[in-house]
Amino acid sequence: MRAGLERLFRPASVAVVGASDRPGSYGHQTLVNLAAIGYPGEVWGVNPYRATALGRPCVPTVADLPVAVDAVVVAIPAAGVVEVIEQAGARGCGGAVVFSAGFREVAHGDELQRDLVAAADQHGLPVCGPNGNGIVSMHARVALWGDALVPREPGPVALVSQSGNVAVNALASRRGLRLHTVVAGGNHAVLSAADYLEFLATEEDVSAIALYLEEDGGPAFCDGLAVCAEAGIPLAVLKVGCSEAGAASAAAHTAALAGDQRVFRALVEEAGAAWADDVHELLELAKAMAVGARPTGNPGLAIMTCSGGDSAQGADEAQRRRLRLPSLAPDTRERLARSLPAAATVANPLDYTSMIWGHSDSLGELVVTLGEDPQIGQILVFYDQPPDLTGAAESSWRAVREGIIAGATRSGTPTMVCSTLPELLDDEAAWRFVQVGIPAVAGLRTGLRCVEAMVMEPGDPRRLREMAALARSIGARSPDGEWISESESKELLRGAGIDVVAGRVVRDEQDVAAAVTELGGRIALKVSAVGLRHKSELAALALGLDSVDRAVVAHRRLSALAAECGGTVLAEEMIEPGVELLVAATVDAVVPAVVIGMGGMWTEVLTDVVVVPLPASAARIERALRSLRGAPLLFGERGQPPVDVEALSRLAERTGEALLEASLALVELNPVLVGERGAVAVDAVVRRRGPALSATTVPRGLEAVQSTT
């Protein structure tokens, strides 16, 4: 798709459908923006009722244009859009931006959006929108944009947003953020987030991309992530809302623990991208990653400030984010002591006190000294600048700024500055830092989040493409796949080579007595039925039955309950206690994934899980397990004996493989008991995949994928 986007993003000619002299209209604002940004190409208006608009010549229809323009801006009511797209495609235009609303985002607009997609597909016409604000390229001086715009110097960050307002606010922000290109793509009916990523990742002077999504984009999103990883373009991602794909799993624990949003986040982090919690963080992460260097070797952090209070806040936040603030080496402390006033305490964080505020040389030397410590791989300097400084105050703050820059340049250790409060990051001061390769971040917490992002592992393009291929092979499926009973689930899983507790269905009291002997003299009995998944709440099980008499009494009660729900009674061996975990695999998200977490009856209370997109090897799963809060229970930390994590990881790997091989939608094993030797699934629920969806029933959020593949 990249080749098809060059004309749209770098047009030599533009036509504005709905061009007008009327202030407040999208057609008028687009013409104003093209003039304001200094667009150098040809511009025509399309309006059957006007000969000119803001001095630009107008023609009645797109078909009447004197040339096949590179970009068509559509700023008319929704009812007329499809005809314009058909005309633009037939005329040989390069692409279109559709501002118009009234498509899939409203209850009655689905059919109109399908017609728009069909018209674009017929001619291979790239379309941005509908229901979007369009495209601004500060770099190319192009503004296919229907909202107010103040042109600024181009910078290194590209923004792709489904929300027009997020894009408008980013363009208006004053935080040292300078944007290369902004795309507000609205419904992503034809062009998807993946298309924009693939194009922008290889654009000249784009150094990072911020991505704001309201839907997951489907398997094609993995391809976009892969292109960014191949090009070495860092990515910050904010996704809001949850799709409906995981709703069918709500009867199991997995949906509550690892629904679409959590799987999507796991995919993003696998790609080496930074996950943002809000728009502020999204923009700051992208801005920092666009110019910041990743630390090499030791990732230890040094914090430098002139305030004891800020030192304490920085240390607390670093600890919360598990960022290491190593003690400074003796030689470093000695050198710092020679540069600091007697009132200063030589430590990390370093409070250099206000006594040397404004001393450029001294501050620069502190940065150099910290950067040369063998334990330090990153430096974060707290820098607050009030707005509108003049006179001596402005000179003082400028001296601090230049001292930091000089020190960072001399040391070569990656250095970042951040304000302690977001509003204390002066726009021009921040831009000065950015221009010399020093990230300048608004807010203390956000600054440390950006430091954290700098040490993330880059994504593996080959693995991302494997995940995309796997997700495509599954395709869009109905969420109405059938559940199967526990006894059937366990037989299926045993056949797939998964370690499941020994057991079988028992028919009567004599069969129960035989099962006690067969299964080691101590058994569990439970009801197995298609509609039954939370047995403890219905007293549908009996544990630790160590005699035939006890087993027979329990069977009488449970067989009556089984008859009520159309089920059977399952007898199983009692397993020695171990650490209880949940192991699950699901296809009900942007990509198939395996989920592992602290399990048993407290699963949803603890919500301590890791999510690993498929395909997932045992080695990859074992690495992921170390990030659990409950990891000390597994790896023998804090005086606990280690359990067989290797066996657990193999079981989880095989669970993911069985999900795919048996065409299942969900496998949930809870609990899996893990001891010093081995891991075994005690309970299991399985749901088969539903039928494949037709083109007319693809769920919302996957239409863009279908229309661009």
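From the backbone phi of segment 491-504, what are the Karplus-calculated ³J(HN,Hα) couplings (6.51 cos²θ - 1.76 cosθ + 1.60, θ = phi - 60°) in whole Hz, Gly and Pro given as x?
5, 4, 6, 4, x, 8, x, 9, 6, 10, 3, 5, x, 7
When a footprinting reagent is the concern and you count Cβ atoms within 10 Å, what order do 39, 49, 196 take, fewest first? Provide the component values of the computation, followed by the final result.
On the way: 39 19, 49 7, 196 26.
Going from sparsest to densest Cβ surroundings: 49, 39, 196.
Just to be sure I understand the model, the point goes 7 Å from the Cα along the line to the Cβ. What's the resulting residue 49 to residue 148 distance in nm?
Reported label-point gap for residue 49 and residue 148 is 2.6 nm.
Using only Cα atoms, find the angle between the long axis of helix 645-661 and the longest principal axis of the chain, and express it within 0 to 90 degrees, rounded to the nearest 10.
Roughly 80 degrees between the two axes.
Within a 10 angstrom radius of the beta carbon, how do 623, 677, 650 rank from fewest other beta carbons to most?
Neighbour counts put them in this order, fewest first: 677, 623, 650.
Distances longer than 17 Å among the Cα atoms of segment 610-651: what percent of all pairs is that?
So the pairs more than 17 Å apart make up 27 percent of the total in segment 610-651.
Charges at C-beta only: +1 for Lys and Arg, -1 for Asp and Glu. How large is the resulting dipole of segment 1-158 about its Cα centre, in Debye rounded to 20? Don't skip to the answer; put the middle values down first.
Numbers: 11 positive and 14 negative charges, 84 e Å.
So the dipole magnitude of segment 1-158 works out to roughly 400 debye.
On a 0 to 90° scale, report how tilted helix 330-339 is relative to the longest principal axis of the chain, with both axes built from alpha carbons and the result rounded to the nearest 10.
30
Can you tell me what share of the DSSP beta bridges in the chain is antiparallel? A percent to the nearest 5 is fine.
55
Give the total of Lys-Lys pairs in the chain with Cα-Cα distances below 22 Å; include a pair only if its members are 8 or more places apart or on different chains. Let's see the in-between values first.
On the way: 239/287; 490/526; 490/535; 526/535.
Lysine pairs, 8 or more places apart or on different chains, close enough: 4.
Treating only the Cβ of Lys, Arg, Asp and Glu as charged (+1, +1, -1, -1), what charge dipole size does the chain show about its Cα centre? Round to the nearest 20 debye.
Its charge dipole is roughly 540 debye.
If you restrict to DSSP beta bridges whose two residues both lie in segment 69-187, what percentage is antiparallel, to the nearest 5?
45
Only counting other Cβ atoms within 10 Å, I'd like 188, 123 sorted with the fewest neighbours first.
Going from least to most buried by this count: 123, 188.
Any idea what the dipole of segment 293-453 comes to, in debye rounded to 20, about its Cα centre with Lys/Arg Cβ at +1 and Asp/Glu Cβ at -1? Working shown, then result.
Working: 14 positive and 19 negative charges, 117 e Å.
In total the dipole reaches around 560 debye.
Between 15, 421, 672, whose Cα lies farthest towards the positive end of the dipole of the chain when Lys and Arg beta carbons carry +1 and Asp and Glu beta carbons carry -1, centred on the Cα centre?
Final value for the positive-end residue is 15.
Starting from the exponent 0.38 and prefactor 2.2 Å, build the expected Rg for segment 502-573 from its residue count and divide its actual Cα Rg by it.
0.97
None of the figures in this text is laboratory data; all of them are computed from the coordinates on show. As the structure is a computational prediction, the values presented were derived from the model and not from experiment. Cβ atoms come from the backbone with ideal geometry, glycine included; neighbour counts cover every protein chain shown.
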